[in-house]
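Undergrad: Pasting a structure here, questions to come.
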Amino acid sequence: MIALVDVNNFYVSCERLFNRRLENIPVVVLSNNDGCIISRSNEAKALGIKMGMPFFQAQDLIKKNHVHVYSSNYPLYADMSNRVMQLLAQLSQDQEIYSIDESFLKIYQKKYLLYGQHIRTTVFKNIGLPVCVGIAKTKTLAKLANYMAKKYHMFNGVVCFSETNPEILTKLMREISVGELWGVGVRLKKRLNELGILTVHDLKTANAKWMKQAFSVNIERMVYELNNIECYPIESIKPDQKQIVCSRSFGQKINCYEDMADAVATFVQRASIKLRRQQLTAREMTLFMRNNPFSSQHRIQHAVRLKHYDYTDSNQQLLRLAIRGLEKIYHQGIDYHKAGIILSDLRRSINLNQDDLAGSQRHHLSNTIDAIRDKYHANIIMSGWQSKDGKWRMKQSNKSLRFTTSWQELLEAS
Amino acid sequence: MNSKKNQRGGVRKGAGRKKDSGLYAEATKVVRIPISRISEVKNFLLNTKKTNFSIVDFIQPSIQKPIPITLFSHKVPAGFPSPADDHAESRLDLNEYLINQAESTFFVRIKGDSMVDAGILDNDIVIVDRSKSAAINDIVLASIDGEFTVKVLTKNNKGPYLMPANKEFKPIYIEEGSQFEIWGVVTGSVRKFK
């Protein structure tokens with residue numbers, strides 16, 4: 001059986017663990033740059049605050065109801081995520097970490113519901129974060145079971161399909177919208193609805209072969225998975241990433257070339273670190289920048305795809321490529337709001353050493369710079385395009401402390 | 001006649017052992033050796049033959065690129081190998097001493113003197129393990145109405161309360177309706193002098 005363990009309102013729950021006053025009151029966490037609402041406590045959800053809502057749109061609701069607002073504290077969330085994943089790894093040998101707050105586990109214990117509760121209480125006791133557990137034969141069903149465990153309080157946080165009354169399950173599947181399924185986005189939901197497939201039950205009872213013809217093999221598999229036929233096994237070893245993205249909304253609008261180059265150089269640096277950590281090389285880069293669609297009349301977006309002559313993981317080579325792209329697409333007189341780069345055409349790095357001396361020297365240089373930055377701090381070595389306090393950097397007006405990753409910011413007790 | 005004779009007898013084409021097919025896979029020659037040393041020579045031939053055989057047939061040319069070895073990353077002194085090599089152990093690590101369950105361990109900075117008699121001073125860092133269950137007389141990190149405090153968990157006939165380790169401070173009783181929880185158990189403390 002497959003279990004999906006998912007931390008409830010992950011970012012808010014992390015904030016609450018270190019600030020006990022936030023318990024039982026509405027709390028939200030904002031995205032980078034305090035742009036959108038990306039995590040809500042149940043109390044905030046009840047007020048009608050929606051996921052992904054721009055902060056300024058929710059401001060009235062927030063003020064009127066004294067909602068506590070936090071900027072995102074990714075160092076804290078990342079550390080708490082690692083703790084949860086480490087603990088879950090002790091509870092099952094087969095683990096697939098699916099996202100920052102979700103993990104698939106293979107369960108061999110026969111009393112599934114009981115073991116699900118064991119997982120839930122252990123994570124809450126040892127780490128302090130509330131989780132829900134969905135258990136079923138396939139990943140798609142485990143995801144659905146997890147959704148039910150979160151949504152319906154009668155289940156007490158754990159749903160196991162093989163140990164739940166089938167009539168209740170069918171009743172719930174007739175209620176739950178097909179859009180809640182794993183892999184069904186807004187557009188697909190709309191197309192399914194047009195065919196009269198509105199609920200999970202509708203899709204479960206659809207003809208798989210026919211769905212394959214009308215949509216794709218993925219929908220066919222979804223129908224199979226809903227009927228207990230496993231199509232997506234647990235992947236304990238992560239496949240190599242297909243692309244690496246690094247992008248940000250800016251703290252304030254950027255309308256000067258030097259500021260934009262500073263931001264782009266920093267994106268290149270972050271993306272190339274990710275590249276080297278995974279021992280990958282890239283040959284293609286997409287650079288994009290756009291204005292703020294909320295505050296301007298016209299949506300302006302520029303993008304360019306750049307090809308490097310060979311696979312590389314060198315910060316300098318990628319930076320040179322990015323600056324060349326920037327010269328092409330940067331326009332004077334536009335208030336840019338967001339920019340980013342995407343590295344693609346990735347492949348495993350092979351040893352460049354023997355025939356490519358320059359390549360191996362670049363590789364060593366990048367690694368050495370990474371090591372120095374790790375040892376001291378991130379800004380100790382920068383490219384000439386970067387500045388320490390560029391005005392594009394994150395606007396984070398209400399960030400909590402890095403309780404678990406900085407000696408200066410430890411939790412205090414009297 | 002000749003052709004008939006060829007059909008009848010003599011060496012037929014392709015008969016006999018194939019060339020280079022014998023024990024040694026090449027032509028052989030009769031030689032004189034002392035009887036007492038026959039086995040020695042046989043053994044020698046057998047052993048060397050084995051090596052030849054495997055070299056020819058089993059070693060594939062390497063298709064992998066050579067693995068680069070970073071030079072000078074370790075200093076290897078010429079001469080005798082260290083007599084301690086076989087007895088090397090990993091150096092002591094304070095994390096290992098102080099931390100039992102890494103993922104459920106948190107560090108907390110102490111502010112104030114309420115625990116000095118337990119050896120916990122202002123500015124010390126205490127190690128808090130959430131996976132442990134608190135017992136009476138344990139030092140715990142508790143939260144009362146949202147305030148974090150480190151005290152000794154104590155109990156009287158009315159129930160649990162928090163006892164400071166300093167006569168100047170009063171015990172903290174848990175009033176009804178107040179939010180109280182034990183966040184974790186304090187398992188150690190660290191202090192730096194310099």
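Undergrad: If you check residue A:11 against the conditions, is it of a type in the set (Ser, Thr, Tyr), surrounded by fewer than 17 Cβ atoms within 10 Å (Cβ to Cβ) and within 22 Å of residue B:108 (Cα to Cα)?
TA: So residue A:11 fails the test.
Undergrad: What do you reckon, is residue B:122 open to solvent by 10 Å² or more (accessible area, probe 1.4 Å) and either within 11 Å of another protein chain (Cβ to nearest Cβ) or part of a strand (DSSP E or B) (or both)?
TA: yes
Undergrad: Take the residues of the stretch B:154-177 that are within 14 Å of another protein chain (Cβ to nearest Cβ), part of a loop (DSSP other than H, G, I, E, B) and of a type in the set (A, V, I, L, M, F, W, C): which is nearest to the chain's Cα centre (by Cα)?
TA: B:165
Undergrad: Test residue A:366 against the criterion of being among the polar types (S, T, N, Q), surrounded by 14 or more Cβ atoms within 10 Å (Cβ to Cβ) and away from chain B (no Cβ under 14 Å), and give yes or no.
TA: yes
Undergrad: Ok, one more. Quick one: residue A:56 ticks every box in (1) open to solvent by 40 Å² or more (accessible area, probe 1.4 Å); (2) assigned to a strand (DSSP E or B); (3) of a type outside the set (Val, Ile, Thr) bar one, so which box is it?
TA: In the conditions (1) open to solvent by 40 Å² or more (accessible area, probe 1.4 Å); (2) assigned to a strand (DSSP E or B); (3) of a type outside the set (Val, Ile, Thr), residue A:56 misses (2) alone.
Undergrad: Now for a separate question. Any residue in the stretch B:85-103 that is in a helix (DSSP H, G or I) sitting within a Cβ distance under 6 Å of a residue that is at pLDDT 90 or above and among the polar types (S, T, N, Q)? List the pairs, counting only those 6 or more apart or interchain.
TA: Sorted first by the residue in the stretch B:85-103, then by its partner, the pairs are B:103/A:86.
Undergrad: Here's a follow-up. Which of the residues spanning the stretch B:99-119 are surrounded by 19 or more Cβ atoms within 10 Å (Cβ to Cβ) and more than 7 Å from chain A (Cβ to nearest Cβ)?
TA: B:105, B:115
Undergrad: Still on this structure: Residues A:39, A:72: which one is more than 14 Å from chain B (Cβ to nearest Cβ), surrounded by 19 or more Cβ atoms within 10 Å (Cβ to Cβ) and modelled with pLDDT under 95?
TA: Going through A:39, A:72 in turn, just one is more than 14 Å from chain B (Cβ to nearest Cβ), surrounded by 19 or more Cβ atoms within 10 Å (Cβ to Cβ) and modelled with pLDDT under 95: A:72.
Listed here are the residues, each with its yes/no results for (1) in contact with a Gly (Cβ under 8 Å, 6 or more places away or on another chain); (2) open to solvent by 20 Å² or more (accessible area, probe 1.4 Å); (3) over 22 Å from residue A:227 (Cβ atoms).
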| residue | (1), (2), (3) |
| --- | --- |
| A:82 | no, yes, yes |
| A:85 | no, no, yes |
| A:94 | no, yes, yes |
| A:123 | no, no, yes |
| A:143 | yes, yes, no |
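Undergrad: Tell me the residue from B:125, B:99, B:144 that is aliphatic (A, V, I, L, M) and farther than 30 Å from residue A:90 by Cβ, please.
TA: So the residue among B:125, B:99, B:144 that is aliphatic (A, V, I, L, M) and farther than 30 Å from residue A:90 by Cβ is B:144.
Undergrad: Only residues that are open to solvent by 40 Å² or more (accessible area, probe 1.4 Å) and at the interface with chain A (Cβ under 9 Å from one of its Cβ atoms): list them for the stretch B:126-153, please.
TA: Result: B:133, B:145, B:147.
Undergrad: Just name the residue that is nearest to the other protein chains (Cβ to nearest Cβ) out of those in the stretch A:369-406 that are over 30 Å from residue A:11 (Cβ atoms) and not polar (S, T, N, Q).
TA: A:371
The values are calculated or read from the model by the stated rules, or taken from the named source; none is laboratory data. Owing to the predicted nature of the structure, the values given are computational and were not obtained by experimental measurement. Every residue, glycine among them, receives a Cβ derived from its backbone with ideal geometry; neighbour counts consider all protein chains shown. Quick note on the areas: whole protein, heavy atoms, side chains included, nothing else; ligands and nucleic acids left out. Shrake-Rupley method; radii C 1.70, N 1.55, O 1.52, S 1.80 Å.
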